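Chemist: Would you mind keeping the following structure in view while I ask a few things?
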Amino acid sequence: MKKYQPQEMEQSWYQKWEDANYFAPSGNGQPFSISIPPPNVTGTLHMGHAFQHSLVDSLIRYRRMQGDQTLWQMGTDHAGISTQMLVTEQLAAEGIKPSELGREKFLDKVWEWKEESGDTITRQLRRLGASLHWETERFTLDEGMSRAVLEVFVRLHEEGLIYRGKRLVNWDPVLHTSISDLEVESEEEPGHLWHFRYPLADNPNEFMVVATTRPETMLGDTAVAVHPDDERYQHLVGKEVQLPLCDRSITIIADHYVDKDFGTGCVKITPAHDFNDYDVGRRNNLALINIFDEDASLNDNAPEKYRGLDRYEARKLIVADLDALGLVEKIEDHKMVVPRGEKSGVVVEPYLSDQWFVKIKPLAEPAIKAVENGDIEFIPKNYENTYFAWMRDIQDWCISRQQWWGHRIPAWYDGEGNIFVGRNEAEVRLKHQLPDDVTLRQDEDVLDTWFSSALWTFSTLGWPDKTADLETFHSTDLLVTGHDIITFWVSRMIMMTLKFMDEVPFKKIYVTGLVTDADGKKMSKSKGNGLDPLDIIDGISIDDLVRKRTSNMLQPKMAEKIENATRKEYPNGIDSYGTDALRFTFYSISTRSRTIKFDLNRVEGYQHFCNKLWNAANFVFMNTLEHAAATDFNNGEKDFGVVDRWITSELQKTIKSVDLAMQTYRFDLAAKAIYEFIWDEFCDWYLELSKPILYSQSTSKAELRATRYTLIDTLETVLRLAHPFLPFITEEIWQKIPVNIRTDAETIMLQPFPVPNNALIDSAAESDVGWIKAVVTVLRNIRGEMDISFGKPIPVLFYNGNETDKRRLETYRTLLESLVKPERMEWLAAGDGAPVSATGLVGDMQVLVPMSGLIDKDAEIARLDKEIDRKQKDIARTEAKLSNPNFVEKAPTEVVQKEKDKLADLASACEQLEEQKKRLGNI
RNA sequence: GGGUGUUUAGCUCAGUUGGGAGAGCGACGGCCUUACAAGCCGUAGGUCGCAGGUUCGACCCCUGCAACACCCACCA
């Protein structure tokens, strides 16, 4: 076999699998389905995706191998705002404004871009080995899904669960659209608290001092509020103040919203530009004065001087003007929470506008129950708290977006402002008997992207039609996702699916941690610390990596910093590790931690693991196929030796571990069990122990046949066991196994997953091999510490062994010799004077290496001292325990007995070691 | 302000019903031993965040504290 070279074989295998349609659901087993969280169609695969999809793929492959009818539904999301932003930026580079193109032509451009770049993410998923069912791939804006969206919108509207209203919403002044609460990111930023004096209307020499973080909104003030119980101001309630810079007076009101102890206890109220003030305004019937236009520059409701100014320019001017009037009491530094648009990064503005909303409470209630009663289960369970916290305090969902790319809202307006909702204009006309001469104009807005993805699990399967796929595969079994979109997506899917399917979208939700960089920082484009999974698979030069991380920066000044950090962290770029190594890394790090620091060293380690497996296979083939026809060791009498029975027994236990791990979604434990079996047991011990059997002249035909069979059979089984995690290397090796050992199928993908066989558990073999390992380890230890090279044969004497020791040495002498490389190996009779030796213990049996010329006496004494010391500490601890009457009385008898046995063993061992030490001291 | 997590070897992390603290990487020493130097063999390294409590016995259960992280929230 050639060296392990993942790159070529991985791509060719994927192609073969896909061409052969192996990813399609097949058979008539139990249905098992998972819907992919639809990636942004114009996006690229990031580490979080790669992580989640690797986990899902292992489950899908596992269940497929177990004979389930397995569907991993593929699809992509149109990602409204992100995609529109991207295309807008590209057009801007060509000097084109979307408004010049108009809606239709702009959308043509977006579709063009989608066609051009839409295959990036799917290509990347293929490189990851994801066994997605590509044939039924869907897109949130395709015809079928658009039909589902229309259907849902119309039905919800008919039930009064969708309504239109003028409300204060989060407005993005750059993107010119409303966004939902969830799309606002609030962070603490330094700011100021301005204290202004508002003169009383009936006494301009007296002032109310109000504090604000938004001076410019004062132009929209319609009241000043104080707390009802605040004695300082009670006499002023009901009076008016003159609003400076504006030619109007506003009322002083009392409202419990005000905190007496904050600032002066007086609050300016701007109902049209602050969510709290909006509520205060409603309670007190205050007027709403909107002073901004869509850009958040001042509109005609502001005094003439300020009209047309940007909000921050206006702020400066207003503060200056107030200062000139002597109305600025003071300006304090103040940390405040600033809401910014998730996508644009600009400060969003509470803005009064006409929008569509989903009345959410009626939908939320059943969705809460579904999790409460266990129809849906979060893994880990504590994420249910996040879910409940959000759902129990959920607010109506603003679903209209002032954008072009998305599902256009199916509402039409006549000239008089009447609203008609329907699946299309014809239906609307028919339903409302509107003649052709009534001009209808469709709503210009589109729906929030999450509206369509909320329908994901059932709309992808053909809803609203009653399709066979829907019948078979819905509810889906599992959702794997990051905790960051529990609120955005998971909760909304649960609500919509319960509403329209009357069943849950998925039975379990596996929430992954967030993949971060080595410093624990979230990977992001703007920070320039992201890794592209493909760069780990294929490798990338440092120059290319720097270019990738610093191109298209929103903040170009960051580029230099990012370049320096990148060159420091990856001086030589990133090596190529292959998909299998990357995937195995993901399984191994899939712990329950919330953040997962991604460490390339782990990937390197698992690449070494792949290499190990590769070379082990090489060894197996060299010693089986190259020596005999497969029929020769498959047929005929086999005499399984102890090591054959032992590794087979270990394999059964490993299969059980992997099964248990997969049933409990502990991918890390599954990976660990496989890793340890292959490396620590199969390679380090079994392959080594098989050598004397394979090479010795005295091995019988039946023994040889048995070992050859075990070698290749164990390899074949472990390949199937590991396939869900390491799909490529396992397929590549499996193909080389002759068809009378494996089945004659064309792919390992569709082979049965190994089933543990209890009849093959052999504890006698396990303890015998345990003894062999112990003897070998003791002698390796002496060699290592005494600096005796492996090539130098050493004399080995055994002393004080029992009957079992004697039987074992007799039986396994050949095996031991091959691993120990002794000059001679024999029992020392009780009466014989033992020569001065280095000593190790296996139970009570002393393993001696006589010292003549080999061993440094002082070093051996030191070694013995260390060992004795260690044991004596243990003895002291155990004795203390046993001398405690409470322990002896109250602890379970088996625990007490265990301690007693342990003490006896330790004492005996200590005695042996002391004896040796004494002998050395006597020289 | 509310909530949820985390704290174990130099680093990254396991530790599944409380009964002798583990892995990988790194470090150190020795090996080109006929599958693999992407390897083999060995060694060192931990008051399990701190303080109490429960228990015969606590990394594990309870209470408090500290540090860090994230989520939610309208304090102008």
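Chemist: Suppose the filter is over 27 Å from residue A:481 (Cβ atoms), touching a Ser or Thr at 6+ places or on another chain (Cβ under 7 Å), outside any strand (DSSP E or B) and more than 12 Å from RNA strand B (Cβ to nearest atom); does residue A:565 pass it?
Modeler: So residue A:565 fails the test.
Chemist: Within the group A:634, A:618, which residue is more than 9 Å from RNA strand B (Cβ to nearest atom), open to solvent by 20 Å² or more (accessible area, probe 1.4 Å), touching a residue at least 24 places away in the same chain (Cβ under 8 Å) and under 22 Å from residue A:735 (Cα atoms)?
Modeler: A:634
Chemist: Filter the stretch A:481-510 down to the residues that are open to solvent by 10 Å² or more (accessible area, probe 1.4 Å) and either among the β-branched types (Val, Ile, Thr) or within 13 Å of RNA strand B (Cβ to nearest atom) (or both), then identify the one that is modelled with the highest pLDDT.
Modeler: Among those that are open to solvent by 10 Å² or more (accessible area, probe 1.4 Å) and either among the β-branched types (Val, Ile, Thr) or within 13 Å of RNA strand B (Cβ to nearest atom) (or both), it is A:504.
Chemist: Still on this structure: If residue A:390 meets every condition in (1) crowded, with 19+ Cβ neighbours inside 10 Å; (2) under 29 Å from residue A:158 (Cβ atoms) apart from one, which number is that one?
Modeler: (1)
Chemist: Of all residues in the stretch A:110-163, which are small (Gly, Ala, Ser) and either within 28 Å of residue A:723 (Cβ to Cβ) or not in a loop (DSSP other than H, G, I, E, B) (or both)?
Modeler: A:117, A:129, A:130, A:131, A:144, A:146, A:148
Chemist: Kindly evaluate residue A:315 against the criterion of being open to solvent by 20 Å² or more (accessible area, probe 1.4 Å), more than 18 Å from residue A:349 (Cα to Cα) and of a type outside the set (A, V, I, L, M).
Modeler: So residue A:315 fails the test.
Chemist: Could you grab me the full set of residues in the stretch A:57-80 that are in contact with a Lys or Arg (Cβ under 7 Å, 6 or more places away or on another chain), buried (at least 24 other Cβ atoms within 10 Å of the Cβ) and closer than 27 Å to residue A:408 by Cβ?
Modeler: A:80
Chemist: Just to be sure before I move on: is residue A:23 aromatic (Phe, Trp, Tyr) and part of a loop (DSSP other than H, G, I, E, B) in the structure I sent?
Modeler: It is true that residue A:23 is aromatic (Phe, Trp, Tyr) and part of a loop (DSSP other than H, G, I, E, B).
Chemist: Which of (1) farther than 29 Å from residue A:38 by Cα; (2) of a type in the set (A, V, I, L, M, F, W, C); (3) open to solvent by 20 Å² or more (accessible area, probe 1.4 Å); (4) out of contact with any strand residue (DSSP E or B) (no Cβ under 6 Å at 6 or more places or on another chain) does residue A:219 not meet, given it meets every other one?
Modeler: For residue A:219, the failing item is (3).
Chemist: Identify all residues within the stretch A:593-611 that are closer than 18 Å to residue A:714 by Cα and surrounded by 18 or more Cβ atoms within 10 Å (Cβ to Cβ); write none if there are none.
Modeler: Those that are closer than 18 Å to residue A:714 by Cα and surrounded by 18 or more Cβ atoms within 10 Å (Cβ to Cβ): A:609, A:610.
Chemist: Considering only the stretch A:566-574, I want to know if a residue exists there that is open to solvent by less than 10 Å² (accessible area, probe 1.4 Å), closer than 22 Å to residue A:728 by Cβ and either of a type in the set (Ser, Thr, Tyr) or out of contact with any Leu (no Cβ under 8 Å at 6 or more places or on another chain) (or both).
Modeler: No, every residue in the stretch A:566-574 fails to be open to solvent by less than 10 Å² (accessible area, probe 1.4 Å), closer than 22 Å to residue A:728 by Cβ and either of a type in the set (Ser, Thr, Tyr) or out of contact with any Leu (no Cβ under 8 Å at 6 or more places or on another chain) (or both).
Chemist: From A:688, A:681, A:731, A:703, which residue is touching a residue at least 12 places away in the same chain (Cβ under 8 Å), under 27 Å from residue A:746 (Cα atoms) and either assigned to a helix (DSSP H, G or I) or among the aromatic types (Phe, Trp, Tyr) (or both)?
Modeler: Going through A:688, A:681, A:731, A:703 in turn, the sole match is A:731.
Chemist: Which residues, counting only those in the stretch A:250-292, are open to solvent by 50 Å² or more (accessible area, probe 1.4 Å) and either more than 12 Å from RNA strand B (Cβ to nearest atom) or in contact with a helix residue (DSSP H, G or I) (Cβ under 6 Å, 6 or more places away or on another chain) (or both)?
Modeler: If the condition is that a residue be open to solvent by 50 Å² or more (accessible area, probe 1.4 Å) and either more than 12 Å from RNA strand B (Cβ to nearest atom) or in contact with a helix residue (DSSP H, G or I) (Cβ under 6 Å, 6 or more places away or on another chain) (or both), then A:257, A:282, A:283, A:285, A:287, A:288 are the ones that fit.
Chemist: Okay, next question. Restricting attention to the stretch A:397-408, does a residue exist that is open to solvent by less than 40 Å² (accessible area, probe 1.4 Å), within 16 Å of RNA strand B (Cβ to nearest atom) and not in a helix (DSSP H, G or I)?
Modeler: yes
Chemist: While we're looking at this one, here's another question. Please determine, by comparing only the residues of the stretch A:855-872 that are free of Cβ contacts under 8 Å to residues at least 12 places away in the same chain and closer than 16 Å to residue A:911 by Cα, which one is most open to solvent (accessible area, probe 1.4 Å).
Modeler: Top of the filtered list is A:870.
Chemist: Note down all Cβ pairs under 8 Å where the first residue falls in the stretch A:104-133 and is under 30 Å from residue A:61 (Cα atoms), the second is open to solvent by 60 Å² or more (accessible area, probe 1.4 Å) and not charged (D, E, K, R), and they're at least six residues apart or on different chains.
Modeler: A:120/A:44; A:121/A:44; A:124/A:44; A:127/A:11
Chemist: Here is a further query. Does at least one position in the stretch A:433-456 carry a residue that is in a loop (DSSP other than H, G, I, E, B) and within 20 Å of residue A:376 (Cα to Cα)?
Modeler: Yes, because at least one residue in the stretch A:433-456 is in a loop (DSSP other than H, G, I, E, B) and within 20 Å of residue A:376 (Cα to Cα).
Chemist: Which numbered condition in (1) buried (at least 19 other Cβ atoms within 10 Å of the Cβ); (2) on the phi > 0 side of the Ramachandran plot is the only one that residue A:590 fails?
Modeler: (2)
Chemist: Right, something else. In the stretch A:876-905, what count of residues is obtained for those that are touching a residue at least 24 places away in the same chain (Cβ under 8 Å) and either in contact with a Ser or Thr (Cβ under 7 Å, 6 or more places away or on another chain) or surrounded by fewer than 16 Cβ atoms within 10 Å (Cβ to Cβ) (or both)?
Modeler: Of the residues in that region, 3 qualify.
Chemist: Could you check the stretch A:533-562 and list, in sequence order, the residues that are outside any helix (DSSP H, G or I) and out of contact with any helix residue (DSSP H, G or I) (no Cβ under 7 Å at 6 or more places or on another chain)?
Modeler: A:539, A:540, A:541, A:551, A:552, A:554, A:555, A:556, A:557 - these are the residues of the stretch A:533-562 that are outside any helix (DSSP H, G or I) and out of contact with any helix residue (DSSP H, G or I) (no Cβ under 7 Å at 6 or more places or on another chain).
Chemist: Quick check, is residue A:335 surrounded by fewer than 17 Cβ atoms within 10 Å (Cβ to Cβ) and basic (Lys, Arg)?
Modeler: The answer is yes for residue A:335.
Chemist: Here is a follow-up. If you take the residues in the stretch A:791-829 that are within 14 Å of RNA strand B (Cβ to nearest atom) and within 16 Å of residue A:851 (Cα to Cα), which one is surrounded by the most Cβ atoms within 10 Å (Cβ to Cβ)?
Modeler: The residue in question is A:794.
Chemist: Kindly establish whether residue A:839 is open to solvent by less than 30 Å² (accessible area, probe 1.4 Å), near RNA strand B (Cβ under 10 Å from one of its atoms) and β-branched (Val, Ile, Thr).
Modeler: no
Chemist: Based on this model, can you work out whether residue A:662 counts as assigned to a helix (DSSP H, G or I), more than 16 Å from RNA strand B (Cβ to nearest atom), on the phi < 0 side of the Ramachandran plot and open to solvent by less than 40 Å² (accessible area, probe 1.4 Å)?
Modeler: no
Chemist: When the residues of the stretch A:802-823 are filtered to those that are assigned to a helix (DSSP H, G or I) and charged (D, E, K, R), which remaining residue is farthest from residue A:698 (Cα to Cα)?
Modeler: Within the stretch A:802-823, the match that is farthest from residue A:698 (Cα to Cα) is A:803.
Chemist: Let me ask something else. If I go through the stretch A:222-237 residue by residue, how many of them are within 10 Å of RNA strand B (Cβ to nearest atom) and not in a strand (DSSP E or B)?
Modeler: Number of matching residues: 2.
The values are calculated or read from the model by the stated rules, or taken from the named source; none is laboratory data. Keep in mind that this is a model prediction, so the values were computed, not measured. Reconstructed Cβ throughout: ideal geometry from the backbone, glycine too, with neighbour counts over all protein chains shown. Side chains included, ligands, DNA and RNA excluded: accessible areas come from the protein's heavy atoms. Shrake-Rupley method; radii C 1.70, N 1.55, O 1.52, S 1.80 Å.
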